[in-house]
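Undergrad: First, the structure itself, so that you have it in front of you.
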Amino acid sequence: MLDFIVQRLVQAVFVMLTVAMISFSLFQFVGDPVNNMLGPEATAEQRLAARETLGLNDPIPVQFTKWVGNAVQGEFGQSYRMGRPVSDLIAQRLPATLELVAVSALIAVFVGVPMGVYTGLKRNSFLSKIFLTVSLIGISLPTFLIGILLILLFGVTLGWLPTFGRGGLTNIGNWETSLLTARGWSHLILPAITLALFQLTLIMRLVRAEMLEVLRTDYIKFAKARGLRQRSINFGHALKNTLVPVITIMGLQIGALLAFSIITETVFQWPGMGLLIIQAINFGDIPIMSSYLVLVALFFVIINLVVDLLYYVVDPRLRIERTAGAH
Amino acid sequence: MSNKKPVLEVRNLRVEFPNRRGNLVAVDDVSFTVNEGEVLGVVGESGAGKSMTGSAVIGLLEPPGRIAGGEVLLDGERIDNLSPEAMRRVRGKRIGMVFQDPLTSLNPLYTVGRQLTETIQTHQNVSDSQARKQAIDLLAEVGIPAPEKRIDQYPHQFSGGMRQRVVIALALCVNPRMIIADEPTTALDVSIQAQIIKLLKRLCEDHGAAVMLITHDMGVIAETADRVAVMYAGRIAEIGPVKDVIKNAKHPYTKGLMGSIPVVGHDLERLSQIEGSMPRLTEIPRGCAFNPRCPEVFDRCRVERPDLIDVGTSRAACWLHDPASAKKTEAAE
Ligand SMILES: Nc1ncnc2c1ncn2[C@@H]1O[C@H](COP(=O)(O)OP(=O)(O)O)[C@@H](O)[C@H]1O
Ligand code: SF4
Ligand SMILES: [Mg+2]
């Protein structure tokens, strides 16, 4: 077990270093940031001074080492555009995105899995057919369109929910959260559903397909032949086996949520990382882009680590083979 | 023959698969009984309807397959028309089943002990520790060494033969009256097949369970069964005491099967001495289903379908044994 975790951590560090290198190299490929920051009217002295404060005159390996050292401490330099530390900007935006992604992930999993189980068990019921038809829409409509449709319906036509930004925020230390007030939730719910919908339908279809597969297996037939209760067969034996392959996909899908959040944040003007990165890309704000890249990579690495550990918990075959190899 | 009480009686069982073009009849007018303490062997080529018969008895036909006629009685009580919940309580408790592949019969994510105790506690009102004790005793009984330790292991930590022992323990764990074993050793290594069959037979004796042993290994039947039913194209071709059927087959199909002296491992699939193959369900010929392959076929066989006819201690579905057509046989030859 410890072996396994250490091995995974070493891999994770390696991945992160590679990503850091790529992120850092962005600085080399994109034109002189000083121009962007100071504008064409700046004097030569101003430019030189700016280069010096940004550390752009050091040799590249030195810059990289410094950069990684700083990054590890959460320092990503100054935003070219806003002239403020990137870490501040991110710290300010990160809660919004993480809350949006987390709530979406919970919706996708806790609605998608039961719907998948239901449609797998009650293959021919009317409700299952509705779920499947609706899920086709969820899969085929692009996120931004779903967002706009939801805004039209719940925001404009019905007037039930706010359609942009966050609101009703409470501070917990430096963390601004939407989750503690009803108003906060009213702002969060539409973007969260928009973001969750695609993953939800995907998870539902996957769980359904996997459930159908598992229900055909010999061990389910043998469980029936032993007279076990239907409930125990469906929600014990079958569901647990269904989740083994589904866990990986869910991990990947939660990663994908972060990627899709850029679109959703734009549609709902949600003041998170997505909005920040879009503006940064438009402006060529490399420090923000590169730190975003590093953060996203970190997010994926953590998810993969969790998925591997979950696998380990759920599937005894992995557990035993490793310990068996050890003695 | 035995004067013991019948445990399982199957009367005129018919299993159909409705489809767009009508009904496929997978089991057609099959009747047999299994008496207390008896082992009934069921043999026949692949697709003959052996598994369907077993599944129908235990109420586990996969839809759209359904029992379209006949009766199944367990200890004199009909079980083919029970509610799903009542039938569930019959399964495991009064009829157990062992399937072909021990590698896939056990849930990979639960320990062997958990699968045993769950089954025990589903049917018996016993405490966790009592169920665990019973489970350990059962594992010891089926010959698994160090059962106190093995009980907490997962199926993949057992070899194929050991897994089939666990499967047998699972099927017998609440002492059912009847065990249906559907090709219980086909998936196993030849070297351990005989051992597992012996174990199955001894345990069923000890637990007082009658056995319906489905196999296409005539050697297994010869060594294990008291009586044997030979199935062909969804019907019973011949049924009778094992010795008589092997030494003195009445049905031309059985005679073909018995062409050589059966030994364990002698597989019907690989040794069909009879020309041709069993017809598909959609192409069963008129008259006797065996008539296109039968070396002794005569006119009546192509028109009328024979039912089982008493011939000495056996019964055979063949016009040769109908006194009314005896002369025609000679004429045909
Ligand atoms: N779902 C199904 N639909 C139609 N026919 C089926 C289905 N399942 C099995 N059968 C047919 O039922 C017949 C009996 O099968 P089975 O009892 O499994 O034979 P075996 O004697 O080899 O165990 C076979 O001819 C098979 O083709
Ligand atoms: S009834 Fe006729 S065709 Fe059928 S087995 Fe007997 S002799 Fe052969
Ligand atoms: Mg079969």
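The values are calculated or read from the model by the stated rules, or taken from the named source; none is laboratory data. Computed from a predicted structure; not experimentally measured. Ideal geometry is used to build each Cβ from the backbone, glycine not excepted, and the neighbour counts take in all protein chains shown. Keep in mind that these areas ignore ligands, DNA and RNA; they rest on the heavy atoms of the full protein, side chains included. Shrake-Rupley method; radii C 1.70, N 1.55, O 1.52, S 1.80 Å.
Undergrad: Any idea what diffusion coefficient chain A gets from Stokes-Einstein, in µm²/s, Kirkwood Rh on alpha carbon pairs, 37 °C, 0.692 mPa s?
TA: Result for D is 144 µm²/s.
Undergrad: Follow-up. Region A:275-316 to region B:77-91: how many Å between their Cα centroids?
TA: If we compute the Cα centre of each part, the gap is 55 Å.
Undergrad: Please work out the Cα center distance from region A:160-230 to region B:125-153, rounded to the nearest Å.
TA: Value for the Cα centre distance between the two parts: 40 Å.
Undergrad: So how tilted is helix A:286-314 from the main axis of chain A? Cα-based, degrees 0 to 90, rounded to 10.
TA: Relative to chain A, helix A:286-314 is tipped by roughly 20 degrees.
Undergrad: Put a dot 7 Å past each Cα toward the Cβ at A:T133 and A:L179; how far apart are the dots in nm?
TA: Using points 7 Å along Cα→Cβ, the separation is 3.7 nm.
Undergrad: Note down the accessible area of A:K66, probe 1.4 Å, to the nearest 10 Å².
TA: Near enough 110 Å² of accessible area.
Undergrad: Arrange the residues A:W67, A:W175 by how much accessible surface each exposes, largest first, with a 1.4 angstrom probe.
TA: A:W175, A:W67
Undergrad: Taking each residue of B:94-100 in turn, how many C-beta atoms of other protein chains fall within 10 Å of its C-beta, and what is the average?
TA: Across B:94-100, the average partner-chain Cβ count within 10 Å equals 3.
Undergrad: Roughly what percent of Cα-Cα pairs across the protein assembly as shown reach past 38 Å?
TA: 54
Undergrad: Something else now. Could you check what % of the DSSP bridge pairs in the protein assembly as shown are antiparallel, to the nearest 5?
TA: 65
Undergrad: Just read off the accessible area of A:E210 with the full protein assembly in place, 1.4 Å probe, to the nearest 10 Å².
TA: 50
Undergrad: Working out 0.36 nm times the residue gap between A:L153 and A:L309, then minus their Cα-Cα distance, what length gain in nm do you get to one decimal?
TA: Here the answer is 52.0 nm.
Undergrad: On a 0 to 90 degree scale, rounded to 10, what angle separates helix A:239-268 from the longest Cα axis of chain A?
TA: So the inclination is approximately 40 degrees.
Undergrad: What is the angle, in °, between the Cα long axis of helix A:273-283 and the longest principal axis of the Cα atoms in chain A? Nearest 10 is fine, range 0 to 90.
TA: Around 40 degrees separate the two axes.
Undergrad: Here's something else I'd like to know. Between B:R280 and B:A146, what FRET efficiency follows from the Cβ-Cβ distance if R0 is 45 Å, with the result rounded to 0.05?
TA: 0.35
Undergrad: Please report, ordered by residue number, every helix of chain B (full DSSP H runs) that is 20 Å or longer along its axis going by C-alpha atoms and whose mean Kyte-Doolittle hydropathy reaches -0.5.
TA: The qualifying helices are B:190-206.
Undergrad: Tell me what the protein assembly as shown gives for mean residue ellipticity at 222 nm when only DSSP H runs of n ≥ 4 count, each as -39,500 (n - 2.57), the sum divided by the residue total, rounded to 500 deg cm²/dmol.
TA: -17000 deg cm²/dmol
Undergrad: In this model, which of B:K4/B:K201; B:K4/B:K247; B:K149/B:K198; B:K4/B:K255; B:K201/B:K243 are farther than 23 Å apart at the alpha-carbon?
TA: B:K4/B:K247; B:K149/B:K198; B:K4/B:K255
Undergrad: Give me a single rounded figure for A:213-224: the average over its residues of other chain Cβ atoms within 10 Å of their Cβ.
TA: 6
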